[in-house]
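The values are calculated or read from the model by the stated rules, or taken from the named source; none is laboratory data. This one's a predicted model, so the numbers in the text were calculated from it and none came from an experiment. Here Cβ is always computed from backbone atoms with ideal geometry, including for glycine, and neighbour counts include all displayed protein chains.
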Amino acid sequence: MSVDLPTRIDELSTASEECAYEKVGFHQRHTIDASVLIDLARAFFEAGYVLEMITCQDLRAETQKMLLVYSFNRLESVDRQLLHLAIDPDTEQAPTLSMIYSGANWFEREVYDMYGVRFSDHPELERILLPEDADFFALRKDFGRMDEASAGGDEAEEGDDD
Amino acid sequence: MGKVDRKDGVVRLPLVNPANTPVRDPLGDEAMVDPAVVRLAVLDDLLNLGRANSLWPLTFGLACCAIEMMAAGASKYDMDRFGAGVFRPSARQADVMILAGTISKKMSPVIRQLWDQMPSPKWAIAMGGCTIDGGPFKYPNQYAIEEGADKIVPVDIYIPGCPPRPEALIAGILQLKEKVKAGRRFEG
Amino acid sequence: MGYFAKLFSGSKSLVSGMGVTLKELVGTTAQHKAVTLQYPKEKPVLAPAYRSAIKLIRFEETNSHDCVACKACERICPSFCIKLDGGKVEGIKKKRVQTFEMDFALCSLCGLCLDVCPTATLEYSKAYDEAGYNRDWRVDLVAEFRDYEEEFIRKQRAIEEAAAAEKALKAEQAKAAKEKAAKAKAAKEAAAKDAAPKDDAAPKAAKEDAAPKDASGANDGHTDAEDKS
Amino acid sequence: MSQSITDYAPQTITELVGNPWLAMPMAAGIIMGALTVNVLMLVWAERKVSAWIQRRMGPTEVGPYGLLQTLADMLKLISKQLITPANIDKPLYHLAPLMAFAPVVGAVALFPVSRDYVLLDNDLGLLFVFALGGMAVIAIFMAGWGSNNKYALLGAVRSVAQNISYEIPLILSALSVVLVVNAMGGSTASGLNLSHIAWVQSHEHVWFILLQPLAAIIYFISALAETNRAPFDIPEAESELVAGFHTEYSGMRFSLFFFSEYTNMLIVSMLAVVLFLGGWDGPLLPGPAWFFLKSYALIFVMMWVRWTFPRLRFDQLMTFCWTVLIPLSILNLLATALAISVL
Amino acid sequence: MTNPPRELSPSTEGELYTLNMGPQHPSMHGVLRLVLQLRGEQIVNAKPVIGYSHRAHEKMAENRSALQFLPNSSRIDYLSGMIYNLGYCQAVEKILQIEVPDRAVHIRIIAAELNRISSHLLWFGTFLLDLGGITPFLYSFDDREQILDILDSVTGSRLTYCYGRFGGVTRDVDDEFLERSTAFIKLLRTRLLMYKRLVTDNVILRERCIGVGVISKDTAFRFDVTGPSLRASGVAYDVRKAEPYGGYDRFDFEVPTEEDGDTMSRFHVRIREIEQSCRLIEQAIASMPEGDILPKKMPKRFQIPKGEFYFACESARGHFGIYMVGDGSDIPFKMKLRTPSFSNLSAMPETLRGTMLADTIAIVGGIDIVMPEIDR
């Protein structure tokens, strides 16, 4: 690719901001649209960046949207770039990166497992950490809150001493 | 290593419910009249003695405590001294299942299956807080773990700690030995 | 590399490996270098830092613990393994714990409860080989202190009275000092009425002296532990 | 070579007792008793040796020095529930432990423990031992096939390939010895008679390990593989195949496999003693003492090897056999034959 | 004696069958499950199934204050619990801008590197156990016991340390601790020579490892394989060097790399890393300053400010990242734990293809996985 990475990022991202690496641990943060994700990831790939992680934030309480977070880093000299991708709440779908970064395969499965975000064209989008028959997405904010726990302990159960 | 305190003062925790006494020998309590039964009982005692001294654990670790279980089998603690160091990888040849580590909801059916694969008489040791009642991973409304191994298999010995020291596991095995010697009747 | 050279170097490595194990074998049998700790017969030496289930410290002054049932440990505990209850006790100012239940099976030995304890009355016990037939591992930490409760109240009352007396004395002294200072100040002011405002330094120093005294006095009010220890 | 050797015939148990119908059960009793004690001791020794190598104590609490440990194990295994898994090939599954057990018991009878006595004197003894040893692989295969378990099957398949391959260098190296025996021992007795092989060595005061060092090494390596001992324990490779061919066996059936494994160790060691280490030959001590001393010393070496090395991979194991052991043993055999015909 | 990497191309004859390894299998390091499709003994397809020790660390982090998450941190990866525990503390310190006193920095480095050695020793043992060598496993456990004793004397735990506190450590070390550490390093160096004779030189081990399970630079890059597994492929990436944290930039150490990317390279990298950790410990002991172990000024409550934060540290297995989102309260809004074994294991299906069944064990053992770290 003849175009260098920063210009490519400028072209594709909706918004970019410089961040204080000493404070927050990453250099730049970009907000992007789902349509440019694959192009941008390819640009990162060709510039020699690794995909460190994919995760998600459940911001439905504030913005009605799930927010995917991608972290790219360069191994030779650290340059951590975060991508923010807000997902359309109707489809809850995003394009997969697993054909560019093979490691994205499992990260995306985990995001699906924990947040229910689907990835289109993913080769094997199934549960990864939770049991196959789980009927919940564990890290969604409306699931498994401690303060919702029904009162009543289960202490003082007898062990089997037969 | 090497420095050893030889005094026998064992510190015991003041339990709220101090029922942690060894089970009584059922044969010793009742007066046996029928000599045939007595003879059978002697044989039974002999077999129990064999079982008690040959508790082969299943090679099976779940989480952190498994490392301490390995340490208990390694040179410094050497469970083999009590005949309990023969870790069998196949459930068919194991006598005691040491549940060492957190039991996740995904794992619990597997553990039940392994338990069913073991031949009777068999025993289970719950090692560590997680297998007693969920341990540090238990909180209200949690979704991931099984709160206690005794929801899956009948547990004979409970060893608290996070993780328990290898000495505690050996103490547990010695207690299990007492229990086996006393002749717990096995089901199934 | 030749077939035979490879065979030779391979065999050599095997023989040297067997040498290592033979040496260990001889070391164990002939020189008694086994590393095994014969556990039930020999007990391990536990480090002072060793962590097991928490317990209450017995202080010498009162021959009892110093738990004031503030519940800071119950709140901080990540594993919800502490349940305690307590309240006012007749005769002394301090609150006193009535039940202190700690579930060893839940505890992760993180030590946060020790960190937050305002009276520093918690420490790790040295129980290292607990095992039993029962799943209930709730430990009653107050149990060993129940018999000494009356003694404690007696002693504590004495301490509190002594402290109160001391405080009163201190207060008196402080009052006296203050009056003195005020008098001196008044005198000074009177003296300095004519002279220019050059007396800033002295009262400032006095103020600074007073501040830490006040703080320690406030401390006296609710934590005796620091004074005692 | 020397032609002055007279005929040598040790007394068998039939000759001692007089009545063959009485001698048979007696021999069986002696063998079973001795083998049971042997296995109990060997398992104990294995655990002790491994412990010592690993700077541990091994069993110490059950009986003096933990001597009763294996007895306790046996009692437990006897009283353990026998699980018969579903969907197995019943006849094969049930027969396999017995098939593993019977041949090793039969083979023991042939070994001359001293100059004068042998339970069974057979002119084709060597062949008989190898034939019975070859049956072990059938048992293992039956167990693996009958268990309806993929690990067991994999173990069985590995075992068949391994045992058949390693039998070749094993027999070839023994054959070199037979050639030497026939050359030295005259034509009156067969070179395949175990008593005779041992007798020739004691009579000529030369152990064949000196004449056939290469054959001895090849024999020992192949014997390790034949008995499925580490580093050749591929069929039961614990960390790969769980427990290999006996994954599905519990209790007494499992202990029969155990029994045959340890008896097999004794057999190959005794055979090595007869073939290479002069049988009962030795100063001061009586013959049987020397015989068993040497056998158990070899067994100790086998244990020592087991607790030192990691395991080979299956294809490496086969490569090693076909590119190293077999060519070398053939060369050795040819060289022996050449030397004998020249001398 | 160097072998060319063995080329094993899967043959196309014969039926495929499926073999399920684990979750209870002696060499699946806990509860990994591998569903293998085999042709004979050759692997056509391998699918790791994980999650059998999922303990919901990330959900717990959203349900408790940052301070209360401390005991969890060392249980994410119990073999290098100290590194994770201190790493978590360092992450929070970075977020809250807490200055760590010098003495605590040195203590932390000693403790973390001792823990790294113990983790590598345990890997060494279990790896040999996977290959069928039982005795080296017990020897390495002996050595590891000594580290545990040393760490036990100051942290009070043997495995799941909760030694770090935000701003420092819980307990100061004494001279005996430093002496014991020095003595242990001296002993370890002689033991490493013994391991070389017993294990590293062993022809069987070399045959089992050389050319087996090659992870190429490209594969490592696509899967973001990190830690010793990456360095064995020739990339000198170590978070301690790339993004120095916790005072590692004050000390002199190398990042060992190997070129081949096979199991033997990973073996060598780890052994050489033990040596580097020894060097780090020696330097930290030699220049141990006096002073406090906790900062004088500490915030009363540890409130995670609004915004997102990333902190990386080098665990014994690779790049451990903590991604935390705060909302101003002391309970994190979100915490993602980027664990190295997760990425390392995800490269396995590609690496295992075409190898023998026995190699599976060697390769999976060789990348050094800890299941609860993967499942979290």
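Scanning segment B:114-147 for residues that are under 14 Å from the mean Cα position of the chain (by Cα) and touching a residue at least 40 places away in the same chain (Cβ under 8 Å) turns up B:Pro121, B:Lys122, B:Trp123, B:Ile125, B:Met127, B:Gly128, B:Thr131.
For C:Ala69, are the conditions met, namely being in contact with a strand residue (DSSP E or B) (Cβ under 6 Å, 6 or more places away or on another chain) and surrounded by fewer than 21 Cβ atoms within 10 Å (Cβ to Cβ)? In short, yes.
Taking the criterion of being touching a Ser or Thr at 6+ places or on another chain (Cβ under 9 Å), assigned to a loop (DSSP other than H, G, I, E, B), within 14 Å of chain B (Cβ to nearest Cβ) and of a type in the set (Gly, Ala, Ser), the residues of segment C:106-161 that qualify are C:Ser108, C:Gly111, C:Ser125, C:Ala127. Tell me, yes or no, whether segment C:12-35 has at least one residue that is part of a loop (DSSP other than H, G, I, E, B) and touching a Ser or Thr at 6+ places or on another chain (Cβ under 6 Å). Yes; the residues of segment C:12-35 include at least one that is part of a loop (DSSP other than H, G, I, E, B) and touching a Ser or Thr at 6+ places or on another chain (Cβ under 6 Å). Filter segment D:78-132 down to the residues that are among the aromatic types (Phe, Trp, Tyr) and out of contact with any strand residue (DSSP E or B) (no Cβ under 9 Å at 6 or more places or on another chain), then identify the one that is nearest to D:Ile164 (Cα to Cα). Looking at the filtered set, the residue picked out is D:Phe130.
From the list A:Glu76, A:Glu22, the lone residue that is modelled with pLDDT under 85 and in a helix (DSSP H, G or I) is A:Glu22.
Listed by position, the helices (runs of 4 or more DSSP H) inside segment D:192-253 whose residues that are within 14 Å of chain B (Cβ to nearest Cβ) number at least 3 are D:238-241.
Would you check if A:Leu83 is facing chain E (nearest Cβ under 8 Å) and either closer than 30 Å to E:Arg240 by Cβ or touching a strand residue (DSSP E or B) at 6+ places or on another chain (Cβ under 8 Å) (or both)? The answer is no for A:Leu83.
Confirm whether E:Thr126 is at pLDDT 85 or above and not in a helix (DSSP H, G or I). No: the conditions fail for E:Thr126. Taking helices (runs of 4 or more DSSP H) as the structural unit, those lying wholly within segment B:1-112 and holding at least 3 residues that are modelled with pLDDT of 85 or more and within 19 Å of B:Ala126 (Cβ to Cβ) correspond to B:64-73.
Of the residues E:Leu187, E:Leu198, E:Leu192, E:Leu230, which single one is buried (at least 21 other Cβ atoms within 10 Å of the Cβ), over 19 Å from the mean Cα position of the chain (by Cα), in contact (Cβ under 8 Å) with a residue 12 or more places away in the chain and not in a loop (DSSP other than H, G, I, E, B)?
Only one candidate passes the filter, namely E:Leu198.
Output the residue which, of all residues in segment E:287-319 that are hydrophobic (A, V, I, L, M, F, W, C) and in a strand (DSSP E or B), is farthest from the other protein chains (Cβ to nearest Cβ).
First, the residues of segment E:287-319 that are hydrophobic (A, V, I, L, M, F, W, C): E:288, E:293-294, E:298, E:302, E:304, E:309, E:311-313, E:316.
In the following step, the residues that additionally are in a strand (DSSP E or B) were identified as E:309, E:311-313.
Working: E:Phe309: 5, E:Phe311: 5, E:Ala312: 7, E:Cys313: 11 Å.
Among residues in segment E:287-319 that are hydrophobic (A, V, I, L, M, F, W, C) and in a strand (DSSP E or B), the one farthest from the other protein chains (Cβ to nearest Cβ) is E:Cys313.
Being assigned to a helix (DSSP H, G or I) and over 24 Å from D:Ile197 (Cα atoms), is that true of even one residue in segment D:123-134? Within segment D:123-134 (the criterion being assigned to a helix (DSSP H, G or I) and over 24 Å from D:Ile197 (Cα atoms)), the answer is no, since none of the residues qualifies. Exactly one residue out of B:Ser104, B:Ser90 is farther than 23 Å from C:Tyr128 by Cβ, surrounded by 24 or more Cβ atoms within 10 Å (Cβ to Cβ) and within 14 Å of chain D (Cβ to nearest Cβ), and it is B:Ser90.
Mind checking whether some residue in segment C:54-77 is within 19 Å of B:Pro164 (Cβ to Cβ) and assigned to a loop (DSSP other than H, G, I, E, B)?
no
What single numbered condition from (1) in contact with a Leu (Cβ under 9 Å, 6 or more places away or on another chain); (2) under 22 Å from E:Cys162 (Cα atoms) fails to hold for C:Leu106? With (1) in contact with a Leu (Cβ under 9 Å, 6 or more places away or on another chain); (2) under 22 Å from E:Cys162 (Cα atoms) applied to C:Leu106, the lone miss is (1). Within this structure, E:Arg240 passes the test of being part of a helix (DSSP H, G or I), in contact with an Asp or Glu (Cβ under 6 Å, 6 or more places away or on another chain), within 18 Å of E:Arg108 (Cβ to Cβ) and more than 10 Å from every other protein chain (Cβ to nearest Cβ).
Pull up segment E:320-346, narrow it to residues that are of a type in the set (A, V, I, L, M) and surrounded by fewer than 22 Cβ atoms within 10 Å (Cβ to Cβ), then point me to the one that is farthest from the other protein chains (Cβ to nearest Cβ). Once the filter is applied, the top-ranked residue is E:Ile331. Checking each residue in segment C:18-45 for being touching a strand residue (DSSP E or B) at 6+ places or on another chain (Cβ under 8 Å), facing chain E (nearest Cβ under 10 Å) and surrounded by 15 or more Cβ atoms within 10 Å (Cβ to Cβ) picks out C:Leu37, C:Pro44. For segment A:99-126, the set of residues classified as surrounded by fewer than 17 Cβ atoms within 10 Å (Cβ to Cβ) and more than 20 Å from E:Phe221 (Cβ to Cβ) consists of A:Arg118, A:Ser120, A:Asp121, A:Glu124, A:Glu126, listed by residue number. It is to be established whether one or more residues within segment E:127-137 are facing another protein chain (nearest Cβ under 7 Å) and closer than 30 Å to E:Ala66 by Cα. No, that holds for no residue.
Among the residues of segment A:57-78, those that are surrounded by 23 or more Cβ atoms within 10 Å (Cβ to Cβ) and closer than 21 Å to E:Arg222 by Cα comprise A:Leu68, A:Tyr70, A:Ser71, A:Phe72, A:Asn73.
Applying the condition of being among the small types (Gly, Ala, Ser) and touching a Lys or Arg at 6+ places or on another chain (Cβ under 8 Å) to segment B:107-134 and asking which residue is farthest from the other protein chains (Cβ to nearest Cβ) yields B:Ser108.
Being under 30 Å from E:Leu70 (Cβ atoms) and either in a strand (DSSP E or B) or out of contact with any strand residue (DSSP E or B) (no Cβ under 6 Å at 6 or more places or on another chain) (or both) is true of B:Ile125. Note on segment B:46-69: among residues that are more than 7 Å from every other protein chain (Cβ to nearest Cβ) and within 19 Å of B:Ile111 (Cβ to Cβ), the one that is surrounded by the most Cβ atoms within 10 Å (Cβ to Cβ) is B:Cys65. Under the condition of being more than 10 Å from chain B (Cβ to nearest Cβ) and free of Cβ contacts under 8 Å to residues at least 60 places away in the same chain, which residue from segment D:37-79 is farthest from B:Phe82 (Cα to Cα)? Applying the filter and picking the extreme gives D:Val37. When every residue of segment C:183-203 is checked against the conditions, at least one turns out to be in a helix (DSSP H, G or I), farther than 23 Å from C:Glu90 by Cβ, at pLDDT 80 or above and not small (Gly, Ala, Ser).
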